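Student: Got a structure for you, questions after.
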Amino acid sequence: MKYLQNILVTVDFSESSDYIIENSIKLAEKFNSEITLMHVIAEEHLSDKLDHFIEESVQTKLDKMASQITSKGIKLKESIIAHGAPFEKIIDEAAAKDYNVIIAGKSSKTENDSYGPGTTVDKLIRKNEIPVWVVRPQPVGKIEKILCPVDFSDASKRALENAITLTRSYKATLTILNVYKPIYYSSMWYEGDSVDENQTLMLNQEAEFKEFLSNFDLSDISYNAVSLEGEVHVEILKYSKENEVDLLLIGTTGKKGLSRLLMGSTAAKVTREIQCNFVTTKTKDITDDYFESSLKSLEAIVNSAKKLIEKEDYNGAIEKYSMALKQHPYNIPILLGLIECYEAIDVKDKAEYYRNHAHIIVERIWGKKYLHIFKL
């Protein structure tokens, strides 16, 4: 699958629709994407004549938007008019076809409106598996600052993978943010213990943050890893505003623990109040499918390890290979790289350990006759 090959653009003809189209055009230009336009007419008990009039009016508006898109040299696959509950019809369309992302808008309508905040967009975020790129009703600017909050869950891992990809594509600066939420006791008798316990929890979370980041290849992007203390959604919103973030990426599920909130709850609070455009991810990537994205990340890590070997920085290469091995424990090139490094620094027991591991994998997958190819 190509980067952002298929984009589903949902419009309701509110004030945010112009910004949605403008953002969609910029995104499609960046990734050479194809766009599908969609509008859902909420079911009403109308006469056939009035219903026909509404549909003609919608088609006219979609045709105008289609012309705006195609005038920029972007391929429009089709324009879709559906009838029913907007979020249900959009999810059905997204599930039926191979879209990379749904683009929707946050308007200033009231909660009683079909596309208003708290209805369609929030339901899309909660109930569908495809990433949702939400556009605020504001002029389109450059994407130079990207923010990705993480809580070490699988959801935040996927959000960060997508954030790294977009950071590379836009040559932006990425901030990876983790917020530590202290424990507070109401009783004065526990005050001394809570200080010590919070200090321990904070140090443990900082170590976990460092370990979490070691699983990603960040070598070719501009990034900052930031730790803050406080209420998670409050700190995310505060950081975004103070640093004028252009795009937020956030996972919509997560884990719950003493020092962190459920990411699902945090995401809901953040996305209701955030002032910049944002992307929510759940189980699918916004760019490549998971396998392709994983291979690209693996290739980048292995190539950087090989460059370190050329400089005879074997310990640095071992660190890179070990990082890759966590995600790809059966990858032969990684194991061969580790064998080469440990032999170079004369750590024979480690070299032999990885040689035996590689031997077992090759024999199990391809058979004994292939062992000589890998000099095992």
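The values are calculated or read from the model by the stated rules, or taken from the named source; none is laboratory data. Since the structure is predicted, the reported quantities are computational estimates derived from the model, not experimental observations. Here the Cβ positions follow ideal geometry from the backbone for every residue, glycine too, while neighbour counts run over all protein chains shown. Each accessible area value is taken on the protein alone, full model and side chains, heavy atoms only, with ligands, DNA and RNA left out. Shrake-Rupley method; radii C 1.70, N 1.55, O 1.52, S 1.80 Å.
Student: Pop out the carbon and sulfur fraction of the accessible area of the chain as a percent, whole number, probe 1.4 Å. Please report the intermediate quantities before stating the final value.
Tutor: Values: 9670 of 19500 Å².
Carbon with sulfur: 50 percent of the solvent-accessible area.
Student: Test of understanding: what is the full-extension gain from GLU244 to LYS49, defined as 0.36 nm times their sequence separation minus their Cα-Cα distance? Mind dumping the intermediate values first?
Tutor: On the way: separation 195, 0.36 × 195 = 70.20 nm, distance 4.90 nm.
Here the answer is 65.3 nm.
Student: Continuing with this model, one more query. Just want the answer: with Cβ charges of +1 for Lys and Arg and -1 for Asp and Glu, which residue in ILE41, SER79, ASN128 is farthest toward the dipole's positive end in the chain?
Tutor: My answer, from the dipole projection, is SER79.
Student: Oh, and also: Can you tell me the length gained on complete extension of the stretch TYR370 to GLU56, counting 0.36 nm per residue apart and subtracting the Cα distance?
Tutor: On the way: separation 314, 0.36 × 314 = 113.04 nm, distance 6.59 nm.
So the chain would gain 106.4 nm between TYR370 and GLU56.
Student: Just the accessible area for VAL101, please: 1.4 Å probe, Å², rounded to the nearest 10?
Tutor: Result for VAL101: roughly 0 Å² accessible.
Student: At a Förster distance of 25 Å, what's the computed FRET efficiency of GLU206 paired with SER265, Cβ-Cβ distance as r, to 0.05?
Tutor: On the way: r = 23 Å, r/R0 = 0.92.
After rounding, the FRET efficiency stands at 0.60.
Student: Please give me the summed charge of the neighbours of HIS359: other residues whose Cβ is under 14 Å from its Cβ, Lys and Arg +1, Asp and Glu -1. Let's see the in-between values first.
Tutor: Details: positive: ARG355, ARG364, LYS368, LYS369, LYS375; negative: GLU352, GLU363.
Spelling it out: positives minus negatives among the neighbours equals +3.
Student: Most mobile of GLU43, GLU208, GLU244 per a Gaussian network model of the chain (Cα springs, under 10 Å)?
Tutor: In the Gaussian network model the winner is GLU43.
Student: Among ASN277, ALA267, SER222, which residue has its Cα positioned farthest towards the positive end of the charge dipole of the chain, with +1 placed on the Cβ of Lys and Arg, -1 on the Cβ of Asp and Glu, and the dipole taken about the Cα centre?
Tutor: Most positive-ward Cα: SER222.
Student: Which angle from 0 to 90°, rounded to the nearest 10, does the C-alpha axis of helix 191-213 make with the longest principal axis of the chain?
Tutor: 90 degrees
Student: Using only DSSP helix segments of four residues or longer, with each worth -39500 (n - 2.57), what per-residue ellipticity at 222 nm results for the chain after dividing by its residue count and rounding to 500? Mind dumping the intermediate values first?
Tutor: Numbers: 12 runs with 185 residues, N = 376.
The per-residue figure over the chain is -16000 deg cm²/dmol.
Student: Filter the trypsin sites (Lys or Arg not before Pro) in the stretch 299-376 down to the DSSP loop ones having no more than 10 other Cβ atoms within 10 Å, then list what survives. Could you put the intermediate results ahead of the total?
Tutor: Numbers: sites: LYS306, LYS307, LYS311, LYS320, LYS326, LYS348, LYS350, ARG355, ARG364, LYS368, LYS369, LYS375; in loops: LYS311, LYS375.
Taking the stretch 299-376 and a limit of 10 other Cβ atoms within 10 Å, the loop trypsin sites (Lys or Arg not before Pro) found are LYS311, LYS375.
Student: Right, here's the next one. Near LYS238, which lysines are there with a Cα under 19 Å away, not counting those fewer than 8 places off in the same chain?
Tutor: LYS145, LYS181, LYS269
Student: Something else about it: Compute the acute angle (0 to 90°) between the alpha-carbon long axis of helix 263-273 and the principal axis of greatest extent of the alpha-carbon atoms of the chain; round to the nearest 10°.
Tutor: Relative to the chain, helix 263-273 is tipped by roughly 40 degrees.
Student: Additional query: Looking at the stretch 321-365, which GluC sites (Glu not before Pro) are in a loop (DSSP not H, G, I, E or B) and have at most 15 other Cβ atoms within 10 Å? Please report the intermediate quantities before stating the final value.
Tutor: Values: sites: GLU340, GLU343, GLU352, GLU363; in loops: none.
Loop-located and lightly packed - none at all.
Student: Still on this model: With a sphere of radius 9 Å drawn around the Cβ of ALA28, what net charge do the other residues whose Cβ falls strictly inside it have (Lys, Arg +1; Asp, Glu -1)? The partial results should precede the final answer.
Tutor: On the way: positive: LYS26, LYS30, LYS72, LYS75; negative: GLU29, GLU34.
Combined, the nearby Lys, Arg, Asp and Glu give +2.
Student: Right, something else. Note the listed values [x] 355; [y] 160; [z] 187, then indicate which one is volume of the Cα convex hull per residue in Å³ calculated from this particular structure.
Tutor: [z]
Student: Which value, in debye to the nearest 20, gives the size of the charge dipole of the stretch 207-251 about its Cα centre, when Lys and Arg are +1 and Asp and Glu are -1 at the Cβ? Could the numbers behind the result be given before it?
Tutor: Numbers: 3 positive and 10 negative charges, 11 e Å.
Using Cβ point charges on Lys, Arg, Asp and Glu, the stretch 207-251 gives about 60 debye.
Student: Given Cβ point charges of +1 (Lys, Arg) and -1 (Asp, Glu) and nothing else, what value in debye, to the nearest 20, does the dipole of the chain about its Cα centre take?
Tutor: Working: 47 positive and 57 negative charges, 183 e Å.
Computed charge dipole of the chain: roughly 880 debye.
Student: Past the 19 Å Cα-Cα mark, which pairs from LYS142/LYS241; LYS348/LYS375; LYS75/LYS106; LYS123/LYS284; LYS142/LYS171? Kindly include the intermediate steps, with their values, before the conclusion.
Tutor: Working: LYS142/LYS241 16 Å; LYS348/LYS375 16 Å; LYS75/LYS106 25 Å; LYS123/LYS284 17 Å; LYS142/LYS171 11 Å.
Over 19 Å apart, Cα to Cα: LYS75/LYS106.
Student: Here is a further query. Per residue, how large is the accessible surface of the chain? Use a 1.4 angstrom probe and give square angstrom.
Tutor: Working: 19500 Å² over 376 residues.
The answer is 52 Å² per residue.
Student: Going by alpha carbons, how many degrees (0 to 90, nearest 10) lie between the helix axis of 17-31 and the longest principal axis of the chain?
Tutor: Taking Cα atoms only, the helix is inclined about 40 degrees.
Student: Which length gain, in nm to one decimal place, applies between ASP92 and LYS348 when the Cα-Cα distance is subtracted from 0.36 nm times their residue separation? Present the calculation step by step, with values, prior to reporting the outcome.
Tutor: Values: separation 256, 0.36 × 256 = 92.16 nm, distance 5.72 nm.
Gain on stretching ASP92 to LYS348: 86.4 nm.
Student: Most mobile of ASP154, ASP217, ASP346 per a Gaussian network model of the chain (Cα springs, under 10 Å)?
Tutor: Maximum among the listed residues: ASP346.
Student: What is the sum of charges around LYS350, taking Lys and Arg as +1, Asp and Glu as -1, for the other residues whose C-beta is under 15 Å from the C-beta of LYS350? Could you put the intermediate results ahead of the total?
Tutor: Values: positive: LYS348, ARG355; negative: GLU319, GLU340, GLU343, ASP346, ASP349, GLU352.
Neighbour charge sum, excluding LYS350 itself: -4.
Student: In a GNM of the chain with a 10 Å cut-off on Cα contacts, which of ILE286, ILE221, ILE236 has the highest mean-square fluctuation?
Tutor: Result: ILE221 has the largest fluctuation of those listed.
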